[in-house]
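Worksheet: the structure to be examined is printed underneath.
The values are calculated or read from the model by the stated rules, or taken from the named source; none is laboratory data. Not measured: the values here are computed from a predicted model. Here the Cβ is made from the backbone with ideal geometry for all residues, glycine too, and neighbour counts use every protein chain on show. Side chains included, ligands, DNA and RNA excluded: accessible areas come from the protein's heavy atoms. Shrake-Rupley method; radii C 1.70, N 1.55, O 1.52, S 1.80 Å.
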Amino acid sequence: MTRSDLVEELAARFSQLTHRDAEFAVKAILEAMNDALVRGHRIEIRGFGSFSINHRPPRIGRNPRSGASVAVPEKRVPHFKPGKALREAVDQRTDELEQNHRR
C-alpha cells in the first residue's frame, strides 16, 4: 500500500472527508511520526505495533568488488516491531491463503 492508496482508502471510508482533507490527515500523521523518531522517541500504536530507533555500532565491512576492508560508521536506524494483534492477523490470513491454495 502506498501513501496515495492510504489517502484513497481514508477518503472512501469517511465520506465527510474530502480527498484534500484525507491527504492532509495522512501527511500530518506521517510528519508527526517522522518528527518523533528523529527526536529519538518511541511510537506505540496499540494493536498495530511500535516504531523505535536502533543503534548500530561502527564496524569493519568489506567492499564486495575489491574485498578491501571498509570502515562503516555508527548509525541510528528506524525499527518496526509488529504488535500481537497484527502478528496474529497476518498469521491467520497466511494460513487461510495456504489452505485455499492447496485445494
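Tabulated results
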quantity	calculated
Prolate/oblate/rounded call for the chain, Cα gyration tensor, a/c under 1.5 rounded	oblate
With DNA, RNA and ligands ignored, accessible area of LYS81 (1.4 Å probe; Å², nearest 10)	120 Å²
Listed residues VAL70, GLY40, GLY83: farthest to the positive end of the dipole of the chain (Cβ charges)	VAL70
Value at 222 nm in deg cm²/dmol, rounded to 500, when DSSP H runs of n ≥ 4 in the chain each add -39,500 (n - 2.57)	-16000 deg cm²/dmol
Global form of region 47-103, assessed from the alpha-carbon gyration tensor, a/c cut-off 1.5	oblate
Cβ-based charge dipole, the chain, positive-most Cα from ILE53, THR94, SER15	ILE53
Computed magnitude of the charge dipole of the chain (debye, nearest 20; Cβ of K, R +1, Cβ of D, E -1)	660 debye
